[in-house]
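Below you'll find the structure, written out as structure tokens, and then a few comments.
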Amino acid sequence: MSVRQGNAGEDEALRYLEGQGLKLITRNYRTRSGELDLVMQDGDTLVCIEVKCRANADYGNALDYVTAAKQRRLRSAFTHYLVTQGHNPSAVSSRFDVISIQSGILNWLKNVMI
């Protein structure tokens, strides 16, 4: 998938989540550990959202690409984000969500990280 298609998927996910009442805090936050696609506010909770897009299932389900190693990198990057923004990672309400967009179908999975 191209960068342009990935950005279009993130745009679609962002529109959907804003329609569900979440507020964008930051997009494409980069650290040495990795990149956070979206960081959003859901009430009192900060939400790290990984967006995975696939045109079809020829190479597996979009969710198959959120591996344990990917989750560790996301957790490290999110902790970095929280600390740099002045939050105590153990005291702030937070969660990890995944938006998968595959064959034009969007699925929002809440609180999915191990």
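Rule-based calculations on the coordinates, nothing more; no lab input. This structure is a prediction, so every number in the text was calculated from the model and none was measured. Counting neighbours? That spans all protein chains shown, and the Cβs are built from the backbone with ideal geometry, glycine included.
Rg over Rh for region 3-109 works out to 0.96, using Cα positions for both radii and the Kirkwood form for Rh.
Can you put GLU12, GLU35 in order, fewest other beta carbons within 10 Å first?
Numbers: GLU12 16, GLU35 13.
The fewest-first ordering by Cβ neighbours comes to GLU35, GLU12.
Per-residue Cβ neighbour counts within 10 Å put TYR16, TYR81, TYR29 in the sequence TYR16, TYR29, TYR81, beginning with the fewest.
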